[in-house]
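Read through the structure below, which is laid out as structure tokens, and then see the notes.
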Amino acid sequence: MTDSSSEIKLKHLTIEIADGIGTITICRPPHNAYNSELFENIYEAFLDILQHDDRVRVIIVTGGIRNCFGAGAYLDQLFGPGVTDDLRQNRDHTFHRVRIKYSEIARIAKPTIAAINGICIGASLELALMCDLRVSSDIAFFSLPEADLKIVTTGGATVWLPRIIGAGRAKEMLLLGRRINAKTALDWGWLIG
């Protein structure tokens with residue numbers, strides 16, 4: 001690292017700043033499933049650290065586990081075994097916080113890039129949607145499994161996905177839980193080539 005480089009470690013992620021690039025590497029084995037602590041650290045990395053660091057001109061987020069950008073939220077650990085009952089009773093303050101913080105990430109004035117190195121589903125896919133650009137490896141695949149879990153996506157996919165890939169394709173993913181590969185995501189305009 002050069003003299004202007006630095007590295008910050010938070011639980012389950014590392015922030016590296018070098019040559020004007022702030023890189024967030026998420027590493028929560030085995031599959032980068034998000035719990036409340038990881039969500040908070042992601043918010044801190046984007047919103048409290050990199051957004052305000054004058055050395056950083058662009059922000060990249062990637063997965064630190066081989067072939068895995070992120071497996072989405074680990075619902076039982078994140079919300080407890082009663083998550084379905086909570087949703088039925090409209091106790092969704094945690095989901096609301098995810099929505100608000102992801103929206104703040106989408107509004108960062110610096111360019112943001114999701115470098116997707118494999119599995120990208122659920123909340124991880126929604127984080128990638130908040131980024132200005134998305135690139136991926138050929139082995140990446142994408143899905144929103146919330147329909148199978150009988151819950152609604154909370155991080156903004158219902159708004160951002162139709163804007164990027166069109167309403168029909170977004171509905172396939174949101175309502176049917178369709179899984180797509182990197183080639184399809186590129187063809188649909190979700191990824192840059």
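Could you give the accessible area per residue of the chain, probe 1.4 Å, as a whole number in Å²?
That works out to 49 Å² per residue.
Looking at the chain from every direction and averaging, what is the projected area of its Cα convex hull in nm²?
Over every viewing direction, the Cα hull of the chain projects on average to 10.5 nm².
Leaving ligands, DNA and RNA out of it, report the carbon-plus-sulfur percent of the accessible area of the chain at a 1.4 Å probe.
52 percent
Angle check, please: helix 93-106 long axis (alpha carbons) against the longest principal axis of the chain (alpha carbons), in degrees 0 to 90, nearest 10.
50 degrees
Going toward the positive end of the dipole of the chain, with +1 on Lys and Arg Cβ and -1 on Asp and Glu Cβ, which of CYS68, ALA45, LEU125 do you reach last?
LEU125
If Lys and Arg each add +1 and Asp and Glu each add -1, what is the summed charge of the other residues whose beta carbon sits under 10 Å from the beta carbon of LYS110?
-1
Within the set of other residues whose C-beta is less than 11 Å from the C-beta of CYS27, count the net charge using Lys and Arg as +1 and Asp and Glu as -1.
Net local charge, CYS27 excluded: +4.
Could you work out how much longer the chain between ILE100 and ARG163 gets when fully extended? Use 0.36 nm per residue separation minus the Cα distance between them, nm to one decimal.
Length difference between fully extended and current span is 20.8 nm.
Between HIS52 and GLU7, what is 0.36 nm times their sequence separation minus the Cα-Cα distance? Round to one decimal in nm.
Extending this stretch completely gives an extra 14.7 nm.
Does the range 104-193 come out rounded, prolate or oblate, given a ≥ b ≥ c as the square roots of the eigenvalues of its C-alpha gyration tensor, rounded meaning a/c under 1.5 and, failing that, prolate meaning a/b above b/c?
oblate
Please give me the summed charge of the neighbours of LEU13: other residues whose Cβ is under 14 Å from its Cβ, Lys and Arg +1, Asp and Glu -1.
-3
The values are calculated or read from the model by the stated rules, or taken from the named source; none is laboratory data. These figures come from a predicted structure and were not determined experimentally. Please note: Cβ atoms are built from the backbone with ideal geometry, for glycine as well, and neighbour counts cover all protein chains shown. Only protein heavy atoms, including side chains, enter the accessible area calculation; ligands, DNA and RNA are left aside. Shrake-Rupley method; radii C 1.70, N 1.55, O 1.52, S 1.80 Å.
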